[in-house]
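Step one of this worksheet: look at the structure below.
The values are calculated or read from the model by the stated rules, or taken from the named source; none is laboratory data. Source: prediction; values computed, not measured. When we count neighbours, we look across all protein chains shown, and the Cβ atoms used for this are built from the backbone with ideal geometry, even at glycine. SASA here: full protein model, heavy atoms, side chains in, ligands and nucleic acids out. Shrake-Rupley method; radii C 1.70, N 1.55, O 1.52, S 1.80 Å.
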Amino acid sequence: VSTQSTGRHFFFSMTEQNAYFKIIKQDHVAELVLKRPNKLNSMDDTFMEELRTLVHKLQNDPEVHVILIWAEGKLFSAGLDLSTASQMFTDSEKEDQVQKNIQFYNTVKRWQESISCLNKCTKPVIAAIHGYCIGGAVDLVTSCDIRLCTEDAKFSVKETQIAMVADIGTLQRLGRVIGKGIAREMAFTGEPLGSERAYHFGLVNTVYPDKEKLLAGARALAQKIASNSSLVVQGTKLTMNYADEHSVEDSLNQVALWNTAFIKSPDLMEATLAFFEKRKPVFKSKL
């Protein structure tokens, strides 16, 4: 744990180690870091459970306004760890097949919830991707709000090439992000999409030359978001998520109700006062 003061602002930094992730908190931004580079940051049941637990923890931490996800090692993630997941796909004469099928279904639903918690989290989630982003990793990043990547990044719906239908979010979210045609091309072929095309089709907002510049850019973006009112930023994400699933008319009604309930906030008064005093606002809402 470390702290430092610079003028009016107080910076707090803390690192928390977990089995699959570490969390670095600094100045209202929590970095959720995949930390198993020797395993190519692959995903298994423990990964999914830890992801869900930590995201829920960050959701409920009022000091965290933005979540930034990145990975240690030479790539973002190789996706599903087939060596540990193979038992899910093999049959045994000693096991009841119906029971095994139910267990498989329940596992898939749990994993879906782990991935979806990033989208459901009211705090903005940024994914900073370098190198390969394969299979389940595409599920993960498409559940995030904003994606940035390096020039060497490659995105692949690899499940198709190993005779699986992607089942924890990619097929439901990818087309909404990049359009149906290119999403179906990726899903039907399993071939990787490079950073240039990923940017062209809107999968990523910005492409950086290397990982160092990627993380610098991602952190700057996270801090810019975190400097705004957390009440307003989270309300904006909730409103945009609602609009994704509802008609324009229903969504307009939802945002009218939101502002009816929350617009008269201390943060609005602070923003107004700061404007007239020609200074930056200091928001105090904690959500």
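Miscellaneous remarks
- Any chance residue 16 is of a type in the set (Asp, Glu) and modelled with pLDDT under 95: yes
- Filter result (open to solvent by less than 10 Å² (accessible area, probe 1.4 Å) and in contact with an Asp or Glu (Cβ under 8 Å, 6 or more places away or on another chain)) within segment 104-117: 114, 115
- Residue list for segment 264-276, restricted to those being open to solvent by 70 Å² or more (accessible area, probe 1.4 Å) and either at pLDDT 95 or above or assigned to a helix (DSSP H, G or I) (or both): 266, 268, 269, 273, 275, 276
- Flag for residue 216 being among the small types (Gly, Ala, Ser), buried (at least 16 other Cβ atoms within 10 Å of the Cβ) and within 30 Å of residue 152 (Cβ to Cβ): no
- Each residue in segment 242-263 was checked for being open to solvent by 90 Å² or more (accessible area, probe 1.4 Å) and either assigned to a loop (DSSP other than H, G, I, E, B) or touching a residue at least 60 places away in the same chain (Cβ under 8 Å) (or both), and 1 of them qualify.
- Residues located in segment 50-100, provided they are open to solvent by 60 Å² or more (accessible area, probe 1.4 Å), part of a loop (DSSP other than H, G, I, E, B) and within 30 Å of residue 27 (Cβ to Cβ): 60, 63, 74
- Residues of segment 147-193 that are in contact with an Asp or Glu (Cβ under 8 Å, 6 or more places away or on another chain) and not charged (D, E, K, R): 150, 156, 165, 166, 168, 169, 170, 190.
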